[in-house]
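FYI, it's all coordinate maths here, none of it is from the lab. As the structure is a computational prediction, the values presented were derived from the model and not from experiment. Here Cβ is always computed from backbone atoms with ideal geometry, including for glycine, and neighbour counts include all displayed protein chains.
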Amino acid sequence: MPRNNWGWWDDGPYYEPRSPREVKNGLKTKSERGTIGETWWSKRWIGTLESFGMGTRLTRGRSYARKGQVVSLDVEPGTVRAKVQGSQPRPYKVEISLPSLTDRQWEAVTEAMAAQALFAAKLLAGEMPQNIEEAFQTAKVSLFPKSSNELETDCSCPDWANPCKHIAAVYYLMADRFDEDPFLIFKLRGRTKETLIAALREKRLAFGDDEVGQDDEVPELEAALAATTLPEEEVKLLESCLDNFWQAGEELTDFRVNLAAPEVENAVLKRLGEAPFKVGKQNLAELLVPAYKIARKVAEEKKDFL
């Protein structure tokens, strides 16, 4: 039977909307007004959903996402599970599924990605390469859903609309999470960050053995991987440093501070992903984002004195 614009069967009962119950420490989007999503890949996610003609069914969940009505959100390979507080005492259960790519498809994708060392180098810095979708197109698959039919959704609320405002709220909050960790998009397609990076490393090293001669430059990926590993330092015993422990040392003589805006916002936090514990219902990495912004602002104000 056809559904009307309000999400109910044409001959079904009228649903009187009610205000949702307030949530303490709910998950909120960073944006309080305007568009949601800061990076091109999160905007691409929202743009893709909007292109499916969901109209007001999608946008009415935006206020839920901003008010913090989402109680929890977990991204697993191929599936997003969330709880969203509505007008009833118990939060509604939301599940969104996107088909995972097959092992053969991922093999083709990582092969195409490994052929471009810059892809992996940027991903290691927590940034999604602008032309990453070309690697998926080479494998004849898509990173983002191509149609609404790819998205299987379910909500325990009585609203038959697809998406209902609870599902839509999760869509918007996912865009926020993608800003923080672009690897969640790959996870939604069936590959975790660790698995993907390991596959890229293996393929690039294979390229180095087969295609890169001894006189060639070091591939960008290997350089990026090397840069992420701290060099080993000789650890001196405290007893041998007592005479000059409080001296600045030669290393600080030529020390200079040259502050500049980072190429990738919060790159360290994005690369590390979610912390293994939470404060209340929020992940520690999420709570550190505003702290990083404050520290950077203070450092910029003090740079003339450094």
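Work through the residues other than Val84 whose Cβ is under 9 Å from its Cβ and net out their charges, Lys, Arg +1 and Asp, Glu -1. The partial results should precede the final answer.
Numbers: positive: Lys83, Lys93, Lys165; negative: none.
Value of the local net charge: +3.
Pairs to check: Lys193/Lys278; Lys43/Lys122; Lys203/Lys281; Lys122/Lys187. Give those whose C-alpha atoms are more than 27 Å from each other in this structure. Write out the running numbers ahead of the final one.
On the way: Lys193/Lys278 20 Å; Lys43/Lys122 18 Å; Lys203/Lys281 38 Å; Lys122/Lys187 17 Å.
Flagged as over cut-off: Lys203/Lys281.
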